[in-house]
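Structure record follows, encoded as structure tokens.
The values are calculated or read from the model by the stated rules, or taken from the named source; none is laboratory data. A quick note: this is a predicted structure, and the numbers were derived from the prediction, not measured. For neighbour counting, all protein chains shown are included, and Cβ atoms are generated from backbone atoms with ideal geometry for every residue, glycine included. For accessibility, only protein heavy atoms count, side chains too; no ligands or nucleic acids. Shrake-Rupley method; radii C 1.70, N 1.55, O 1.52, S 1.80 Å.
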Amino acid sequence: MPRCHNGNEICIFCGSACFLIIWRTVPFFPIFLQNDLGIQSGLEAWSGISISISFLISGLCAPFWGSLADKYGSKLMLVRSGVGLGIAHLANFFVYDPYTFIAVRVFQGLMAGFHPASITLIGTNTPEKHVGYALGVISTASAAGGILGPLAGGVLSHWIGLRGCFIASAVITLLAALMVLGVKESRQARMIVPTRIIGDLKRAASTPGLMRIYVLILLVSTSVLIIEPVLTLYVVQIGGDVGSATLSAGIVFSAIGVATVIMGPRWGKIGGRIGYEKTLFIGLIGGGIGSLLQMTANNLIYFGSLRFVYGLFFAAVYPALNALIIKYADHDFRGRAVSLSQTASQFGIVLGPLIGGLLGGWIGIPYIFLFTGIVLLGAAWAVSSPQHREEYICRNDN
């Protein structure tokens, strides 16, 4: 892979853009659906559906956008996604019934793809020895946006209302798209052969270890998003004030973001030194135990502290998975390989809120943490299995 002389510039611009674009309105969907759109019964299910539908559409479209990224460059896909998402956020301001809200969420799914395009741009323009660190920077930038998004959203919801937050999201997302225009993308001149999703899947299946990584991404994404549609409701259950639920939930959401900012770049460097497989295993074990401990939360301070510790370990997971995809995939397949990972992630994000919404209304929210812990510990066991290690060794030898 040729060395890219503007790797630092790309990392700074894309990192800053990811920092801006992760403006989280999703945690406040239950409150928006209840207070603004009039949903009183089946709130958990409506929250799960409104979150999942966008990610379902995004997952279906990801291979198409990835193919275009390989052909025309990731920068164009970043601008396309940023502008489209900005328009979608703006459209939410004019929504006054749940069905129109779902329709806007479908459009938002069609326009998604900012984060995987960022990963591809970094992965294909950064020297191999610095890929782990660069992806750690992207993870940290996203986490920083994840900190400020819920906090600022919670504050702004008291000041200008939830609809005002959608306007702020639109402005910030469009600003992120403009920042990407300053990126200079270095691309190899090569002929791109048109491919289809079946062909991409066959190529991924023929690459040792890649399909197993996709399964892990599916499981991890499901476990992460399973609590999303009911976390604001859980904050109220364990003692949070109903009137300030959005702010309290924003603080709790931000705990993981703070932990990721602290540990994200460090895990990237550690992964480059001891191997991404080992850091992935550590992250999954810590995340699984942290999820189980969250069942015992009985007040907001304790719950927020557990979420922070959970985040310190879980910050290792996504950078390691992304680095392994870049490591496994051939250079001319990386855009599509990352997009396939995005498809796996999006399907997990689809399943997570749906399962969480249904389980939360059926057996209670605390048991969702039990389910999450079991899934993450099972994923850690799969990473440590002899077959997975053999695939990793085989790929490194090649």
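Odds and ends about this structure:
- Of the peptides 52-61, 341-350, 35-44, the ranking by mean beta-carbon count within 10 Å, highest at the top, reads 341-350, 52-61, 35-44.
- Global geometry of the stretch 30-91, whether rounded, prolate or oblate, following the gyration tensor of its Cα atoms and the 1.5 cut on a/c: oblate
- Total formal charge among the other residues, if their Cβ is under 13 angstrom from that of Ile49, Lys/Arg +1 and Asp/Glu -1: -1
- Fraction of accessible area attributable to carbon and sulfur, the stretch 37-121 (%, probe 1.4 Å): 75 percent
- Once the chain from Asp330 to Lys71 is taken as fully extended at 0.36 nm per residue, the excess over their C-alpha distance is 91.7 nm.
- Projected over every direction and averaged, the convex hull enclosing the alpha-carbon atoms of the stretch 247-351 yields 7.6 nm².
- Per-peptide average of other Cβ atoms within 10 Å, ordering 91-104, 217-230 highest first: 217-230, 91-104
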